[in-house]
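Reviewing the structure listed below.
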Amino acid sequence: MARSAASVAFIGLTSSAVEGLPWPYPITGRPAMSPRLHDLSRYLQRLGFDAPPPPTLATLAALQQRHSAQFVFETVANLTRAPIALDLDALQRKLLHDGRGGYCYELNGLFQALLRELGFDLRAVAGRVVMGGPEDALTARTHLVALVRLDGADYLADVGFGGMVPTAPLRLDSREPQATPHEPYRLDLRDDGYLLRAEVGGQWRALYVFDLQPLAPIDLEVGNWYVSAHPASPFRDQLLVARTGPGWRKTLNNASFAVHRLGQDSVRRELDGPRAVMEVLEREFGLRLPPGPDVERALARKFEAATRP
């Protein structure tokens, strides 16, 4: 499946204080004194469950596959520089009621809260994204993922890696290619942790490196600030969107919309203005855009900047 590195480089972070997050993350089960999901039934129904399923590998696989199809990776707020809250109430409101998606800390944060509510044994760890660059690059630890323990084995569970999100749990102790509903993935063991790869176009492309180091609240706060607010952040003022479906991925990189189907060449279309982008967001990704002129104005600024000599 042909695609450029730019079209899949979607790793989400948010700009927010971290009060209200279900800390501490690096423990198993539900954290002490953590907020509860009050929209559990609505959340499960979006994922195709009428009642809470048992905490099994089959359940985890079904939840992970359906999550990236139902909840879009999107950086609309980063484009408009809108504030983003990470507390559970705000995440439930945005994803379950407002028709929106989010970044890795939103998508994986809410997903991890769901897993804890269902009785899964998990802990959160952070990754260094190396996709599109040298595999040994020491990038910031700014990608949130979960390790879920089932029957004595740990599985990587990630629903927030945008255009290359794995759509199935990946067994941590296996070095063999692991099938998913989309591309095969592989976990390589390195001196500094684990390297996640995906097979794309016949090549094993490096995505991110992670280790088992526990997280602290300051890790999120600093990472969120840098990616959302620092002038050098690759996410500042960018529109990056991704969604999965049966045998396909859809991506949007600012005004470049693409559909990637397994075993076929990618089909790309350059959008010609803010309204065309907004129509794709609503029609192809199912997003309900925030009211007001902010999205259209931010897109207009990007189109204007792109046409300057």
Just to be sure I understand: with springs between alpha-carbon atoms less than 10 Å apart, which residue in A61, A206, A276 has the highest mean-square fluctuation in the Gaussian network model of the chain? A276
Least to most buried among D173, D237 (fewest other Cβ within 10 Å first): D173, D237
Could you tell me whether the range 186-228 comes out rounded, prolate or oblate from its Cα gyration tensor? Rule is a ≥ b ≥ c as square roots of the eigenvalues, rounded for a/c under 1.5, then prolate if a/b exceeds b/c, otherwise oblate. oblate
Could you check which residue among L212, L144, L299 shows the biggest mean-square fluctuation in a GNM of the chain with a 10 Å Cα cutoff? L212
Student exercise, the range 5-307 dipole from Lys, Arg, Asp, Glu Cβ charges, in Debye to nearest 20: 520
Farthest positive-ward along the range 5-307 dipole, Cα basis, beta-carbon charges - from L215, A306, V277: V277
Assign one of three labels to the chain, namely rounded, prolate or oblate, based on the Cα gyration tensor with a ≥ b ≥ c the square roots of its eigenvalues; rounded applies when a/c is under 1.5, prolate when it is not and a/b is larger than b/c, and oblate otherwise. rounded
Would you please name the trypsin sites (Lys or Arg not before Pro) within the range 158-214 that are DSSP coil residues with at most 16 other C-beta atoms within 10 Å of their C-beta? R175
Those trypsin sites (Lys or Arg not before Pro) from the range 72-156 that are DSSP loop and have at most 14 other Cβ neighbours within 10 Å turn out to be R81
Difference of contour (0.36 nm per residue) and Cα-Cα distance, R186 to S174: 3.5 nm
The long-range amide H neighbours of V200, using H built 1.01 Å from N in the peptide plane and a cut-off of under 5 Å, are R205
Of all DSSP beta bridges in the range 215-309, what percent run antiparallel (nearest 5)? 100
Within the range 134-153: backbone nitrogen closer than 14 Å to the D294 label point (7 Å, Cα to C-beta): none
Does the range 131-254 come out rounded, prolate or oblate, given a ≥ b ≥ c as the square roots of the eigenvalues of its C-alpha gyration tensor, rounded meaning a/c under 1.5 and, failing that, prolate meaning a/b above b/c? oblate
Residue-averaged [θ]222 nm for the chain, counting only DSSP H segments that reach four residues, each worth -39500 (n - 2.57): -8000 deg cm²/dmol
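Only the coordinates and a few stated rules stand behind these numbers; no lab work does. If you're wondering where the values come from, they're calculated on a predicted model, not measured in any experiment. Counting neighbours? That spans all protein chains shown, and the Cβs are built from the backbone with ideal geometry, glycine included.
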